[in-house]
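Below: the structure, in structure tokens.
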Amino acid sequence: MTTAFITHRDCWRHDMGAHHPECPERLGAIQDRLIAAGLDLYLSYHDAPLAEMEQLLRVHPRKYVELVEASSPETGIFHLDPDTAMSPGTWQAALRSAGAGVLATDMVMREEAPNAFCAIRPPGHHAERAKAMGFCFFNNIAVAARHGVEQWGLERVAIVDFDVHHGNGTEEIFAGDEKVLMVGTFQHPFYPYCGTENPAANMCNVPIKAGTRGDVFRDIVSDVWLPRLRQFAPQLIYISAGFDAHYEDDMGSVGLVESDYAWVTEQLKAVARESAEGRIVSMLEGGYSLSSLARSVSAHIKVLADL
Ligand SMILES: [Zn+2]
């Protein structure tokens, strides 16, 4: 059994226009790096299915899902938000991205893979129940986590978010949901300019300053995340895996490097072994410097796959 790598060519067909940082080349950079590092041989590759309406409706109102579908242009680009736009390929890509986490959940629950990484776009953690924003349409990690709860009867799932931006959508969806614990770090003050309030007891998001390096990040993980996670004892750990807190990523101003991503992945694997039979579903969020994104994903997957 090896780590499942879930993606789909449709995810390359979502295109928000030239010079948009959330570009199809991100997925190509990741795949190239996995091949160059020799990791691809050790992963099992799977096509992401289309998310079903019933799965999306566990998170998003039907009217919102229909609005996104109706906004899909036949040609050109249609903006739902100043930095979130649909091209003709977006609708299918968004369904594949949400569907990837559903398949990943099914695979780890059926013991077909110990853990899974979803190389998907559009990302999801800024998408609220009824609002597309920050390059996100459907909240992929939320659809996956609800699938774990509703379909598989899980009573405790954790969502860990180390993207440089606050996962405001995930917070909006799960604040007060006792079956879900969210832990995260995010640069503050920074887009989306919220997240410091932790509106419910199941939200544990820690703001970090611009310029923060790995030593401070690791202290927060050790002192805040890990005790909360161990106390909660999740039966499955979901990771909103954004790599835009990397030192080389111009989107943010935090200074993590590959070894920090490898380290945090090891810590989460240890928690997963204790209470979740090792189950981890990791889903790509941000990460816009193609080189550091690819190297960071590679470091993350190398630990997930015990390579
Ligand atoms: Zn981000």
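The values are calculated or read from the model by the stated rules, or taken from the named source; none is laboratory data. Not measured: the values here are computed from a predicted model. With ideal geometry, Cβ positions are generated from the backbone for all residues, glycine too; neighbour counts draw on all protein chains shown. Just the protein is used for accessible areas: all its heavy atoms, side chains included, with ligands, DNA and RNA removed. Shrake-Rupley method; radii C 1.70, N 1.55, O 1.52, S 1.80 Å.
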Could you please tell me which pairs satisfy a Cβ distance under 6 Å, a separation of 6+ or placement on different chains, a first residue in the stretch 196-213 that is farther than 28 Å from Val257 by Cβ, and a second residue that is in a loop (DSSP other than H, G, I, E, B)? Pro199/Ala175; Ala200/Ala175; Ala200/Gly176
Within the stretch 1-24, take every residue that is of a type in the set (Asp, Glu) and more than 27 Å from Ala113 (Cα to Cα) and give me the one that is farthest from the chain's Cα centre (by Cα). Asp15
Within the set of pairs 6+ apart or on separate chains, which have a first residue in the stretch 165-185 that is in contact (Cβ under 8 Å) with a residue 60 or more places away in the chain, a second that is among the polar types (S, T, N, Q) and open to solvent by less than 10 Å² (accessible area, probe 1.4 Å), and C-beta atoms under 7 Å apart? Gly167/Ser240; Thr170/Asn139; Thr170/Ser240; Ile173/Asn139
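Have a look at Glu128, Glu111 and point out the one that is open to solvent by 10 Å² or more (accessible area, probe 1.4 Å) and closer than 29 Å to Tyr42 by Cα.
Checking each option against the conditions leaves just Glu111.
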Residues located in the stretch 244-268, provided they are in contact (Cβ under 8 Å) with a residue 40 or more places away in the chain, surrounded by fewer than 22 Cβ atoms within 10 Å (Cβ to Cβ) and in contact with a helix residue (DSSP H, G or I) (Cβ under 9 Å, 6 or more places away or on another chain): Tyr247, Glu248, Gly255, Val257, Glu258, Ser259, Ala262, Trp263, Gln267
What pairs come up if the first residue lies in the stretch 16-35 and is over 21 Å from Phe137 (Cα atoms), the second is hydroxyl-bearing (Ser, Thr, Tyr) and open to solvent by 20 Å² or more (accessible area, probe 1.4 Å), and their beta carbons are under 9 Å apart, counting only those six or more places apart or on different chains? Ala29/Ser291; Arg33/Ser291
Note: among Cys194, Cys136, just one is under 27 Å from Phe78 (Cβ atoms), open to solvent by 20 Å² or more (accessible area, probe 1.4 Å) and within 15 Å of the ligand (Cβ to nearest atom), namely Cys194
For the list (1) of a type outside the set (A, V, I, L, M); (2) more than 15 Å from the ligand (Cβ to nearest atom); (3) in contact with a Gly (Cβ under 9 Å, 6 or more places away or on another chain), I need the number of the one condition that Ser296 fails. (2)
Condition check for Ala127: within 16 Å of the ligand (Cβ to nearest atom) and under 23 Å from Pro24 (Cα atoms): yes
Condition (residue is open to solvent by 50 Å² or more (accessible area, probe 1.4 Å) and more than 25 Å from Gln151 (Cα to Cα)) applied to the stretch 83-91: is it met by at least one residue? yes
Filtering the stretch 202-237 down to residues that are open to solvent by less than 60 Å² (accessible area, probe 1.4 Å), within 16 Å of the ligand (Cβ to nearest atom) and not β-branched (Val, Ile, Thr) yields Asn205, Pro207, Phe217
